[in-house]
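Data block below; observations after.
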Amino acid sequence: MSDDVRARQCSRMIASKTIAIVDDESFDAHRAPRKHVECPERLDAARSGVARALGSAPRTTIAAREVREDEILRVHSREHLRALEGALRGSFGSIDADTYVAPGSRTAAWRAAGGAAELARALVEDRARRGFALLRPPGHHAERDRAMGFCLLNNVAIAAAAALDAGAQRVAIVDWDVHHGNGTQDAFESDPRVMFVSLHQWPLYPGTGAPGEIGRGAGVGTTANLAMPPGSGPEEYGQAFRRVVLPLVSGFAPDLVLVSAGYDAHASDPLASMRLDAASYGAMATALVDVAEQLGHGRVGFVLEGGYDLDALESSVEATVRAALGARVALPEGRTSGTSQAALDHTIRALAPHRPELR
Ligand SMILES: [Zn+2]
């Protein structure tokens, strides 16, 4: 074996045990004037989960720099950017009933999106094989033209666009936040280079994400919506992954897998009525890491979205990071309800004409 080959294998082994972490103290300054579920304490819980999972394992830190205007404009309209800049002039305010802005929000939002973009770039350039972006405000509800649902800029969508700019041919975004990632779908539903797969409680805010929404134009077949019935638990998510999520991502063969990692499908979460536990997140993360490894590159980046029970958030983030570092958790098996199977059948029927792996 040549020294060159040995060095490359060695760096690959080191990389598989290393995770790149995005974090920045500016995220804590995005704070509502009154009690709000999307609060800085959430990030402290997630940080604690990451720290517990890492222990003494090596990590690299990715600095969360401000996102550039050209990166924002890949995903959002100039009108949205102007309106947002206007709303973020330094005082407290609200964009809608759910979505507040504070004096620190502009820096936080710009660094959150810039940090996510940097993580995607680091993964595509093989400077890391796994990453977790600890950030606030979350992003997946922010559409091309509007902020909503606690989200100002769409972090994961800006990250996916940055990955394409860095040379990725295809990017898959799996969104396991309990709410539909309407903003991310809006960004890429006509773009065949980005596959968007969302598992969400149905019906629930924001009301989009029906199984028949499968993309538009050249992007038909690269949007998948799994409308999970309320009460879905580890078995239902396990089945959804086996029947739909994993075949789709594997068949699409992305150069990078990004995860909109929200933790509000946990049984303890106050905003939804699903039944996941921390191990379920470990299992879903393991399954996606396995697909990425089978594709030959192993690149998986997690971007924090929702999750509003602090203990659940901490333990679930810990399970995710442990899986990212190589811990193995099997997808749950077991009986699922007829309603749940019918919902998956609906998604499969809608997509099968466009996705041979589902036939
Ligand atoms: Zn959510």
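The values are calculated or read from the model by the stated rules, or taken from the named source; none is laboratory data. Since the structure is predicted, the reported quantities are computational estimates derived from the model, not experimental observations. Here the Cβ positions follow ideal geometry from the backbone for every residue, glycine too, while neighbour counts run over all protein chains shown. What goes into the accessible areas is simple: the full protein's heavy atoms, side chains included, and nothing from ligands, DNA or RNA. Shrake-Rupley method; radii C 1.70, N 1.55, O 1.52, S 1.80 Å.
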Leaving out ligands, DNA and RNA, and with a 1.4 Å probe, what % of the accessible surface on the range 49-90 is carbon or sulfur? 51 percent
Charge-dipole axis of the chain as Lys and Arg at +1 and Asp and Glu at -1 on Cβ define it, positive-most pick from Ala343, Gly231, Gly326: Gly326
What relative contact order, as a whole-number percentage, does the range 18-358 give when Cα pairs under 8 Å and 6 or more residues apart are counted? 19 percent
Determine the percent antiparallel among the DSSP beta bridges restricted to the chain, to the nearest 5. 10 percent
Whole-Hz Karplus couplings 3J(HN,Hα) for the range 30-43, θ = phi - 60° and coefficients 6.51, -1.76, 1.60, Gly and Pro as x, run 7, 9, 5, x, 10, 3, 8, 5, 8, 10, x, 4, 4, 5
Low-density loop trypsin sites (Lys or Arg not before Pro), the range 295-355, at most 16 other Cβ within 10 Å, DSSP non-H/G/I/E/B, are Arg328, Arg335
Two decimals, Cα atoms only, Kirkwood Rh: what is Rg/Rh over the range 18-358? 0.93
At most 14 other Cβ atoms within 10 Å plus a DSSP loop assignment makes a site exposed; report the longest stretch of the chain without any exposed GluC sites (Glu not before Pro). 126-332
Report the convex hull volume per residue for the range 6-127, counting only C-alpha atoms, in Å³. 114 Å³
Magnitude of the charge dipole, the range 230-359, Cβ model with Lys/Arg +1 and Asp/Glu -1, debye to 20: 580 debye
Would you work out the charge dipole size for the chain about its Cα centre, treating the Cβ of every Lys and Arg as +1 and the Cβ of every Asp and Glu as -1, and quote it to the nearest 20 debye? 580 debye
What is the local net charge at Leu351, summed over the other residues whose Cβ is closer than 15 Å to its Cβ (Lys, Arg +1; Asp, Glu -1)? +1
Step through the residues of the range 294-310 one at a time and calculate ³J(HN,Hα) from phi using the Karplus curve (6.51 cos²θ - 1.76 cosθ + 1.60, θ = phi - 60°), rounding each to whole Hz and writing x for Gly and Pro. 5, 6, x, 10, x, 8, 9, x, 9, 10, 5, 10, x, x, 10, 9, 5
Heavy atoms only, probe 1.4 Å: what % of the accessible area of the range 197-339 goes to carbon and sulfur, would you let me know? 52 percent
Run the helix sum for the chain: -39,500 (n - 2.57) per DSSP H stretch of 4+ residues, divided by residue count, reported at 222 nm to the nearest 500 deg cm²/dmol. -12000 deg cm²/dmol
Gain upon complete extension [Glu66, Glu85; 0.36 nm per residue less C-alpha separation]: 5.5 nm
Taking loop as defined by DSSP and a crowding limit of 15 other beta carbons within 10 Å, which trypsin sites (Lys or Arg not before Pro) in the range 212-288 fit? Arg216
Length gained when the stretch Ser77-Arg359 is fully extended (0.36 nm per residue, less Cα-Cα span): 97.8 nm
Taking θ = phi - 60°, what integer Hz values does the Karplus form 6.51 cos²θ - 1.76 cosθ + 1.60 yield along the range 162-175, in sequence order, with x for Gly and Pro? 5, 5, 5, 4, 7, x, 5, 7, 9, 10, 10, 10, 9, 10
Taking N as the number of residues in the range 76-145, what is its alpha-carbon radius of gyration divided by 2.2 N^0.38 Å? 1.27
Probe 1.4 Å, protein heavy atoms only - accessible area per residue of the chain in square angstrom: 37 Å²
